[in-house]
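Structure first, commentary second.
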Amino acid sequence: MVSLYLTTFTFDPMMPFMETENNKQTGALTVGDPRTDVQLKKAVEAIAIKPTIGRITMLMKKTFNVLLHNAMESGSEVEVYKMRLADLIANVSPDSNDYETFKTYLRKMNATQVEWHSKAIDGSEENWGVSSLMAEAEIIKTKSSGFVVEYSYAPKIKKKLLNPGTYANINLRFQSVLRSNAAMTLHEICSRYSTNPSCVTMRETWQWWRPILTGTPDAEAGGEYGEYKYFKRDVLKPAITEVNTLTELTVGLIEHKIGRRVAEIQFSIDRKAQTSFNLGQPPLVDGQLLQRIIALGLTATAAREIYTEHEEALVKVCVENTEARLKNTSLPPVTSPSAYFRSLIKDKLGSPQLALKKTKATEPAPADVKKKLLDAYLASLRQNAKAMFNEAGNDERQAWRDRFEREFLPGNPPVAKAYEKSGLDGSLAQKAFVNWLAEATWGNEPTEAELLDFAIKSKRMG
């Protein structure tokens, strides 16, 4: 069972969807293209999803969004919607051709029960209902289009989904780069409240937020995140970092305490002035990871079930730990790698305290990590400055030289002497000039968001 709850506000008009020659022919959204702003007009009833039976994962939610966008483009009068399976996969997980995994997602969407609850802001209207995320789905092989997904919604929920009275504009371009269900859900909720004059979300108990952001029923999430400090450490902080680094929103956590105990939370929202992000989209269905799970002794069906049931980060850690254990000859041999792997999946979900102790023993000091990251960031700026100078015209180069001579050389006699002798051909003067140009162009004190953006782009997240 899944319950949804949000109050209503007014939202900005949708931005236009930029078509490419490819999607004109196939109907694909090309969500992964960073140049494209695909706006989903998503009903408030479908945003904050609280599962009570079964888990809702990131890819399941992305699949739902892509199919919903396709249905809205086709119109509410259509009874059965159609989309090429290849287009669905391309828009949810580029570079993937794993049809069987997407069949698993369709099964889960059909089996997921949705309980929706919406209120008007003035209290004049309140609605409650229950249905499935998808009434039915079928994959049909055609001569003209190959495999086609045909799907439909239950009549009541279809009306709300395709003709929403109150909705949020969800930018699927930004959602295409998010890598966790918590970040994706937080982005949707904050997008929904970003046009509210107060720029804050609803205020609820942290236990209310727990199943919504984790996509896990309270019966299970309560075991993994039974205390707020674990929920904050493992869910809230990573999700906020993802949203702030990879999307158009800056989100802040607001804690409301009773004494020293955090009782309720909500989020502040601010829209960034810069909306041109080009972070790309790595494939979301990792075929190699699926093969590694199968290599542990699981069937392909069981491997897909585990992969689609849990967040990819957890699955990957458990696979790596199992592989490392199998290679450890100092311990007794593992009689069943598949059983060992399954037990890790279960233990990771139920023992955050144990995971915390292991993490503390191996983590480097935060100050050391930040210093190394800052050094790498500044080195990257220097490389960019040198490339920028080499690609510039003569007039622009001379203008930079003149500024360097006026602003830097008077206070640095050794460099001034070297510069007078050899110009920028000398190593000392050249190094000083590149450092000065980088600092003059970008500064040398990046924000936390800029550092995190650099860490992700340069693959230094570890």
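Using the Cβ of residue 257 as centre and a radius below 14 Å, the other residues enclosed give a net charge of +3, where K and R count +1 and D and E count -1. Close lysine pairs were tallied over the range 366-457: pairs 8 or more places apart or on different chains with Cα atoms under 18 Å apart number 6. For the peptides 158-171, 384-397, the ranking by packing is 158-171, 384-397, with the highest mean count of neighbouring Cβ atoms within 10 Å listed first. Packing around the peptides 235-245, 173-183, taken as the average count of other Cβ atoms within 10 Å per residue, puts them in this order, highest first: 173-183, 235-245.
Every read-out reported here was derived from the displayed coordinates using simple, explicitly stated rules and does not represent laboratory data. Treat the numbers as computed from the prediction; the structure is a model and nothing was measured. A quick note on method: Cβ atoms are made from the backbone with ideal geometry, for glycine too, and the neighbour counts reach across all protein chains shown.
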